[in-house]
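Inspection log for the structure reproduced underneath, given as structure tokens.
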Amino acid sequence: MSEEPVKYDSQKPEKKYPILRSWIYYILAVLLLYLSYKFLLGLEHAGIIDSRKNKGWVLVLVGIYLIIGIALNVLITRKLMDEQYIEYHHLSNTIGNIFRDKISFMLFWVFKYPILLVQIAAIQRF
């Protein structure tokens, strides 16, 4: 029996930087929220929206905030869990705990994601 020669892949493994990528997603999310706010203010100054008579346009900004929170849950939390930077303990991996965490990260993403990313970066092994 002839053995086939072992082929070695000459390409280096791709380095992944999930913490840096997560920070970029977070900064882009904050910029998107800020630009949405400025856009709505611009519409008000142009006379398209009258915020004194109709306060409903603020709901658009709240909707954008919540959509960004959902997107960050998908982009950051899931990616960090897939790459095993964060994981739930097998005893606390309940539907209630995961639901509570995901909802709190969705509602308070402006505060919670920077804290989470700093904590992960502080304990990350090099």
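The values are calculated or read from the model by the stated rules, or taken from the named source; none is laboratory data. Small disclaimer: the values here were computed from a predicted structure and weren't measured. Backbone-built Cβ (ideal geometry, glycine too); neighbour counts: all protein chains shown. The protein model used for the area step is the full one, side chains on, heavy atoms only, and it has no ligands, DNA or RNA in it. Shrake-Rupley method; radii C 1.70, N 1.55, O 1.52, S 1.80 Å.
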Just checking, which of 67, 123 is modelled with pLDDT of 95 or more and open to solvent by 40 Å² or more (accessible area, probe 1.4 Å)? 67
Looking at residue 106 and the list (1) hydrophobic (A, V, I, L, M, F, W, C); (2) loosely packed, with under 11 Cβ neighbours inside 10 Å; (3) outside any loop (DSSP other than H, G, I, E, B), which single condition is not satisfied? (2)
Residues of the range 79-95 being surrounded by 13 or more Cβ atoms within 10 Å (Cβ to Cβ) and part of a helix (DSSP H, G or I), which ones? 79, 80
Looking across the range 18-72 at residues that are of a type in the set (Ser, Thr, Tyr), without any contact (Cβ under 8 Å) to a residue 60 or more places away in the chain and assigned to a helix (DSSP H, G or I), the single one that is nearest to residue 115 (Cα to Cα) is 25
